[in-house]
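Below: one structure, written as structure tokens.
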Amino acid sequence: MRIEFQRTVPLPAPAAAAWDFIGDIERVLTCVPNLSGLVRTGTDRYSATATDRVGPFRLSMEIALSVEIDAPARTIRAHLSGHDRKSQTRVSGTLTAGCRPADGQSTTGTVDAAGEVLGPVATLGAGPARRRIDQIFEEFVRCLTAGIIAAAEAPTRGS
């Protein structure tokens, strides 16, 4: 089953402050719901465990993630793959995220993702998967926004 996902979200901070947070991959990954055990396995590679429930399936998936950061363009491209041994569900996909100034005090964040789900979860069809992705994304955006606001309001070093 193929799933595509595009979202644009307002971020309540200037683009430089938003990028300072978003460009720190490990900090951003702490905002991904149900992701635990994050380990850096290389310069731009990570592993973690994602746990969730989709329909009747409870998943615990080992995830491998590689990340490319283009700081001048303020974009991130991530490739992920994962496998749940119990249900034999596999996922793979790419995600591109970025931010650009909306005005002097706010930023527009963009996310464009495409992926494939194989195995028993795919038999549920795209509807349940899309609903769960939307829920996860809303939780992620709330955490990301709170983190960006906190980072933008934090006193700078040496002040």
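Quick note: the coordinates plus some simple rules give every number you see, no bench work behind them. The structure displayed is predicted, hence computed values, not measured ones. Counting neighbours? That spans all protein chains shown, and the Cβs are built from the backbone with ideal geometry, glycine included.
See the values below:
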| item | result |
| --- | --- |
| In order through the range 29-34: 3J(HN,Hα) via Karplus (6.51 cos²θ - 1.76 cosθ + 1.60), integer Hz, x for Gly, Pro | 5, 5, 8, 7, x, 6 |
| Inter-label distance, nm, simple model (7 Å from Cα along the C-beta direction), Asp112/His79 | 1.8 nm |
| Helix 126-153 axis, angle to the chain major axis (alpha carbon atoms, nearest 10°) | 20 degrees |
| Volume per residue that the Cα convex hull of the chain spans, once the total is divided by residue count, Å³ | 112 Å³ |
| No Cys partner within the rule (Cβ under 4.7 Å), the chain | Cys99 |
| Helix-only CD estimate at 222 nm, as mean residue ellipticity for the chain, using -39500 (n - 2.57) per DSSP H run (n ≥ 4) | -8500 deg cm²/dmol |
| Length released on extending from Asp103 to Leu124, taking residue separation times 0.36 nm less the Cα-Cα span | 3.4 nm |
| Point-to-point label distance, Gln6-Thr96, nm (Cα→Cβ direction, 7 Å offset) | 1.1 nm |
| Between the range 24-38 and the range 50-75, the Cα center-to-center distance that results, in Å | 9 Å |
| The range 35-159, relative contact order [Cα under 8 Å, separation at least 6], % | 15 percent |
| Label-point separation in nm, Ala71 to Thr51, each point 7 Å along Cα→Cβ | 3.6 nm |
| Residues Lys86 and Thr30, FRET efficiency given R0 of 22 Å [Cβ-Cβ distance, rounded to 0.05] | 0.30 |
